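Structure first, commentary second.
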Amino acid sequence: EMNQITVSDADLRKGAEEGRMLFESFIDKYLEVTGGKINADTMPLLNGYQHTLLGYHFFREEVMEGGFVQLIQNGYGPYIFDNPFAKAMRMFGAKDFSKLIYEAKKFTMSIGGFGEGSTEEEFMAMYEQYEAFDDLEEQYMEEEEQITAQIATYVDEHLDSFAQDNKLKWFICV
(Lines give C-alpha, C1' and ligand atoms only; values in the text may rest on other atoms or scores of the structure.)
Protein backbone atom coordinates (compact mmCIF):
# COMPACT_ATOMS: atom_id res chain seq x y z
CA GLU A 1 0.00 0.00 0.00
CA MET A 2 1.36 3.37 -0.97
CA ASN A 3 2.25 5.81 1.75
CA GLN A 4 0.21 8.97 1.83
CA ILE A 5 2.74 11.73 1.42
CA THR A 6 1.71 14.88 3.17
CA VAL A 7 3.48 18.19 3.11
CA SER A 8 2.47 20.16 6.18
CA ASP A 9 1.12 23.69 6.01
CA ALA A 10 4.03 24.68 8.20
CA ASP A 11 6.49 23.32 5.60
CA LEU A 12 4.67 25.16 2.83
CA ARG A 13 4.58 28.41 4.82
CA LYS A 14 8.28 28.10 5.64
CA GLY A 15 9.05 27.51 1.95
CA ALA A 16 6.97 30.53 0.93
CA GLU A 17 8.78 32.72 3.47
CA GLU A 18 12.10 31.59 1.99
CA GLY A 19 10.81 32.60 -1.45
CA ARG A 20 10.76 29.01 -2.71
CA MET A 21 8.20 27.68 -5.15
CA LEU A 22 5.51 25.43 -3.75
CA PHE A 23 6.72 22.43 -5.73
CA GLU A 24 10.15 22.68 -4.09
CA SER A 25 8.58 21.86 -0.72
CA PHE A 26 7.09 18.72 -2.30
CA ILE A 27 10.48 17.74 -3.71
CA ASP A 28 12.05 18.18 -0.25
CA LYS A 29 9.46 15.77 1.10
CA TYR A 30 10.07 13.20 -1.67
CA LEU A 31 13.83 13.39 -1.07
CA GLU A 32 13.18 12.87 2.64
CA VAL A 33 10.87 9.87 2.05
CA THR A 34 13.24 8.20 -0.45
CA GLY A 35 16.46 9.24 1.27
CA GLY A 36 17.34 10.84 -2.07
CA LYS A 37 17.82 7.38 -3.63
CA ILE A 38 15.84 5.89 -6.47
CA ASN A 39 15.90 2.10 -6.34
CA ALA A 40 13.59 -0.93 -6.11
CA ASP A 41 12.87 -0.18 -2.43
CA THR A 42 12.04 3.49 -2.87
CA MET A 43 10.19 3.40 -6.23
CA PRO A 44 6.89 2.26 -4.66
CA LEU A 45 7.00 5.08 -2.08
CA LEU A 46 6.01 7.70 -4.63
CA ASN A 47 3.21 7.89 -7.17
CA GLY A 48 3.72 8.77 -10.85
CA TYR A 49 3.19 12.49 -10.39
CA GLN A 50 5.60 12.55 -7.48
CA HIS A 51 8.21 10.63 -9.49
CA THR A 52 7.74 13.08 -12.35
CA LEU A 53 8.42 16.03 -10.07
CA LEU A 54 11.40 14.30 -8.45
CA GLY A 55 12.63 13.31 -11.92
CA TYR A 56 12.52 16.96 -12.95
CA HIS A 57 14.46 17.89 -9.83
CA PHE A 58 17.23 15.41 -10.67
CA PHE A 59 17.15 16.33 -14.37
CA ARG A 60 17.46 20.05 -13.67
CA GLU A 61 20.19 19.59 -11.06
CA GLU A 62 22.33 17.25 -13.17
CA VAL A 63 21.90 18.93 -16.56
CA MET A 64 22.46 22.46 -15.20
CA GLU A 65 25.67 21.28 -13.57
CA GLY A 66 27.17 18.82 -16.05
CA GLY A 67 24.78 18.32 -18.94
CA PHE A 68 23.22 15.08 -20.16
CA VAL A 69 26.55 13.29 -19.78
CA GLN A 70 26.49 13.91 -16.03
CA LEU A 71 22.81 12.95 -15.81
CA ILE A 72 23.61 9.60 -17.45
CA GLN A 73 26.96 9.15 -15.69
CA ASN A 74 25.23 9.53 -12.32
CA GLY A 75 22.76 6.81 -13.25
CA TYR A 76 19.59 8.82 -13.90
CA GLY A 77 19.28 7.83 -17.58
CA PRO A 78 16.83 4.96 -17.07
CA TYR A 79 14.83 6.94 -14.49
CA ILE A 80 14.28 9.81 -16.92
CA PHE A 81 14.26 8.09 -20.32
CA ASP A 82 12.67 4.69 -19.61
CA ASN A 83 9.79 6.01 -17.53
CA PRO A 84 6.87 8.17 -18.76
CA PHE A 85 8.77 11.35 -17.85
CA ALA A 86 8.57 12.96 -21.31
CA LYS A 87 4.89 12.00 -21.60
CA ALA A 88 4.19 13.51 -18.19
CA MET A 89 6.01 16.72 -19.14
CA ARG A 90 3.69 17.06 -22.13
CA MET A 91 0.75 16.53 -19.79
CA PHE A 92 2.16 19.21 -17.47
CA GLY A 93 2.09 21.65 -20.41
CA ALA A 94 5.84 21.60 -21.18
CA LYS A 95 5.46 20.31 -24.76
CA ASP A 96 8.78 21.54 -26.19
CA PHE A 97 10.61 20.18 -23.17
CA SER A 98 8.87 16.83 -23.71
CA LYS A 99 10.21 16.78 -27.29
CA LEU A 100 13.68 17.64 -26.00
CA ILE A 101 13.57 14.61 -23.66
CA TYR A 102 12.50 12.33 -26.54
CA GLU A 103 15.37 13.71 -28.69
CA ALA A 104 17.89 13.10 -25.90
CA LYS A 105 16.57 9.56 -25.46
CA LYS A 106 16.79 8.87 -29.19
CA PHE A 107 20.40 10.07 -29.22
CA THR A 108 21.24 8.07 -26.09
CA MET A 109 19.84 4.90 -27.67
CA SER A 110 21.76 5.58 -30.91
CA ILE A 111 25.04 5.50 -28.95
CA GLY A 112 24.15 2.23 -27.28
CA GLY A 113 22.31 3.22 -24.16
CA PHE A 114 23.52 4.42 -20.81
CA GLY A 115 27.20 4.38 -19.94
CA GLU A 116 26.89 5.09 -16.25
CA GLY A 117 29.73 4.14 -13.95
CA SER A 118 32.48 4.94 -16.46
CA THR A 119 35.95 5.99 -15.40
CA GLU A 120 36.82 9.69 -15.11
CA GLU A 121 38.69 9.54 -18.46
CA GLU A 122 35.81 7.84 -20.25
CA PHE A 123 33.46 10.33 -18.67
CA MET A 124 35.45 13.33 -19.93
CA ALA A 125 35.73 11.74 -23.39
CA MET A 126 31.95 11.47 -23.52
CA TYR A 127 31.62 15.24 -23.63
CA GLU A 128 33.48 15.30 -26.96
CA GLN A 129 31.92 12.10 -28.23
CA TYR A 130 28.37 13.20 -27.45
CA GLU A 131 28.34 16.68 -28.94
CA ALA A 132 24.78 16.09 -30.15
CA PHE A 133 23.75 16.80 -26.55
CA ASP A 134 25.17 20.35 -26.78
CA ASP A 135 22.24 21.81 -28.70
CA LEU A 136 19.71 20.10 -26.44
CA GLU A 137 21.51 21.39 -23.34
CA GLU A 138 21.64 24.89 -24.77
CA GLN A 139 17.94 24.75 -25.56
CA TYR A 140 17.18 23.57 -22.02
CA MET A 141 19.33 26.29 -20.43
CA GLU A 142 17.51 28.93 -22.48
CA GLU A 143 14.07 27.57 -21.58
CA GLU A 144 14.74 26.31 -18.04
CA GLU A 145 13.00 29.19 -16.22
CA GLN A 146 9.93 28.91 -18.43
CA ILE A 147 9.82 25.09 -18.12
CA THR A 148 10.23 25.26 -14.35
CA ALA A 149 7.45 27.87 -14.18
CA GLN A 150 5.14 25.63 -16.28
CA ILE A 151 5.79 22.71 -13.94
CA ALA A 152 5.27 24.90 -10.87
CA THR A 153 1.93 26.09 -12.30
CA TYR A 154 0.81 22.52 -13.04
CA VAL A 155 1.65 21.47 -9.48
CA ASP A 156 -0.21 24.50 -8.05
CA GLU A 157 -3.29 23.55 -10.07
CA HIS A 158 -3.19 19.80 -9.27
CA LEU A 159 -2.03 19.67 -5.65
CA ASP A 160 -3.90 16.45 -4.85
CA SER A 161 -1.95 14.51 -7.48
CA PHE A 162 1.31 15.34 -5.75
CA ALA A 163 0.18 14.31 -2.30
CA GLN A 164 -1.76 11.12 -2.95
CA ASP A 165 -1.98 7.97 -5.08
CA ASN A 166 -2.72 8.05 -8.82
CA LYS A 167 -2.55 5.87 -11.91
CA LEU A 168 0.52 7.23 -13.73
CA LYS A 169 2.89 4.35 -12.98
CA TRP A 170 6.67 4.64 -12.84
CA PHE A 171 8.54 1.40 -12.40
CA ILE A 172 12.14 1.65 -13.60
CA CYS A 173 14.63 2.44 -10.90
CA VAL A 174 18.29 3.34 -11.20
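The values are calculated or read from the model by the stated rules, or taken from the named source; none is laboratory data. Just so we're clear, the structure is a prediction, and the values are computed from it rather than from any experiment. All Cβ positions, glycine included, derive from the backbone under ideal geometry; neighbour counts span all protein chains shown. SASA here: full protein model, heavy atoms, side chains in, ligands and nucleic acids out. Shrake-Rupley method; radii C 1.70, N 1.55, O 1.52, S 1.80 Å.
For the chain, leaving out every one of the GluC sites (Glu not before Pro) that falls in a DSSP loop and has at most 14 other Cβ atoms within 10 Å, the longest unbroken run is 19-130.
The region of the chain that goes longest without hitting one of the trypsin sites (Lys or Arg not before Pro) in a DSSP loop, each with at most 13 other Cβ atoms within 10 Å, is 38-166. What's the carbon and sulfur percent of the chain's accessible surface, probe 1.4 angstrom, rounded to a whole number? C and S fraction of accessible area: 48 percent. Excluding ligands, DNA and RNA, the accessible surface per residue across the chain is 52 Å² with a 1.4 Å probe. With the simple model of a label 7 Å out from the Cα in the direction of the Cβ, Ala16 to Glu103 spans 3.8 nm. Springs between Cα atoms under 10 Å define the GNM used for the chain, and in it the highest mean-square fluctuation of Ile72, Ile101, Ile111 occurs at Ile111. Using equal-weight Cα scatterers in the Debye expression, the normalised intensity of the chain in log10 at q = 0.08, 0.15 Å⁻¹ is -0.24, -0.85. Note on Ala132 and Asp28: the model spin-label points, each 7 Å out from Cα along the C-beta direction, lie 4.0 nm apart.
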